[in-house]
Each structure stands twice: as structure tokens, then as C-alpha cells.
1. Among residues belonging to the stretch 111-123 that are surrounded by 19 or more Cβ atoms within 10 Å (Cβ to Cβ) and within 12 Å of the chain's Cα centre (by Cα), point out the one that is farthest from I51 (Cα to Cα).
2. Take the residues in the stretch 4-28 that are under 15 Å from the mean Cα position of the chain (by Cα) and free of Cβ contacts under 8 Å to residues at least 60 places away in the same chain; name whichever of them is most open to solvent (accessible area, probe 1.4 Å).
3. Give the number of residues within the stretch 29-47 that are of a type in the set (A, V, I, L, M, F, W, C), open to solvent by less than 20 Å² (accessible area, probe 1.4 Å) and under 17 Å from G116 (Cα atoms).
4. So, in the stretch 100-110, of the ones that are open to solvent by 50 Å² or more (accessible area, probe 1.4 Å) and touching a Ser or Thr at 6+ places or on another chain (Cβ under 8 Å), which residue ends up farthest from Y58 (Cα to Cα)?
Amino acid sequence: QVQLVESGGGLVQAGDSLRLSCAASGRTFGFYSLGWFRQSPGTQREFVATISKNSNAYYADSVKGRFTLSRDNGKNIAYLQMNSLKPEDTAVYHCAASRSGLGPVSHSVYDYWGQGTQVTVSS
């Protein structure tokens, strides 16, 4: 069982930065892939980024070059650094853990989910 708690969301202006954190419980954190997904009202959940158990990261085209995902297995935490934020990045951001350690992009492969943190980017 893994419990995930996101933090770091907020209201910022376009061009600003935010760092989201995903703190996890459990002694097997290092075996899981960690992913970030986002969802805004009336839209489907969208893949943002994932990091494998070996810290290989993969990003959606919409955030590539602006977002960086990292993990610290010793602290059971993952960070999503978001730079050059745009209004279209506005959404609730959820982190998720998958028993597949390879960094999957499909939300259906993720086993545990956090409650989410709101990110709002004003123009």
C-alpha cells in the first residue's frame, strides 16, 4: 500500500515557476514509477510526466523543456519543477504510483493516486 500526498500548488502568473511535491508512504517507494497527471474541468485526465524506478523521466510534448521530474528515494518524495508556466497549465495535478517500474504513460496502469493540488496560472 502506498499513500501519496501532493503539495506546492497555487496561483501564479504566466511565466512564473512552481515546484510540486509528492510525498509517499511505504518502504517500497523505490520500486514504483511515479507519474503526474492533470485534469481541468470538463476535460479528461492528461499525462504530464513520469519517472521510472531508475529515474528515467519522460514528458508530454506540452511540457517538455519546461517541466522537470525528479525523485529522492531516500526521502520517499518526488518533485515536479514547473517553469515558464502558461495559462493552459491550469489544472488539478495528481501524482500517482505504478507497480510497473518502467514509467508508464497511461493512467490505467497506476495503482495509487494522491488527492491532487490545484495549479492556477493567470495571464
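The values are calculated or read from the model by the stated rules, or taken from the named source; none is laboratory data. Remember, predicted model here, so these are calculated numbers, not experimental data. When we count neighbours, we look across all protein chains shown, and the Cβ atoms used for this are built from the backbone with ideal geometry, even at glycine. Each accessible area value is taken on the protein alone, full model and side chains, heavy atoms only, with ligands, DNA and RNA left out. Shrake-Rupley method; radii C 1.70, N 1.55, O 1.52, S 1.80 Å.
1. Within the stretch 111-123, the subset surrounded by 19 or more Cβ atoms within 10 Å (Cβ to Cβ) is 114, 117, 119, 121.
Now narrow it down to the ones that are within 12 Å of the chain's Cα centre (by Cα): 114, 117, 119.
Working: G114: 16, T117: 19, V119: 21 Å.
If we take residues in the stretch 111-123 being surrounded by 19 or more Cβ atoms within 10 Å (Cβ to Cβ) and within 12 Å of the chain's Cα centre (by Cα), then V119 is farthest from I51 (Cα to Cα).
2. From the stretch 4-28, those under 15 Å from the mean Cα position of the chain (by Cα) are 4-10, 17-24; that's our starting set.
Of the ones still in play, those that are also free of Cβ contacts under 8 Å to residues at least 60 places away in the same chain are 21, 23.
Numbers: S21: 19, A23: 45 Å².
Taking the candidates together, the pick is A23.
3. Just the residues of the stretch 29-47 that are of a type in the set (A, V, I, L, M, F, W, C), to begin with: 29, 31, 34, 36-37, 47.
Subsequent filtering for residues that are open to solvent by less than 20 Å² (accessible area, probe 1.4 Å) retains 29, 34, 36-37.
Keeping just the survivors that are under 17 Å from G116 (Cα atoms) gives 34, 36-37.
Within the stretch 29-47, residues that are of a type in the set (A, V, I, L, M, F, W, C), open to solvent by less than 20 Å² (accessible area, probe 1.4 Å) and under 17 Å from G116 (Cα atoms) number 3.
4. The extreme case among them is V109.
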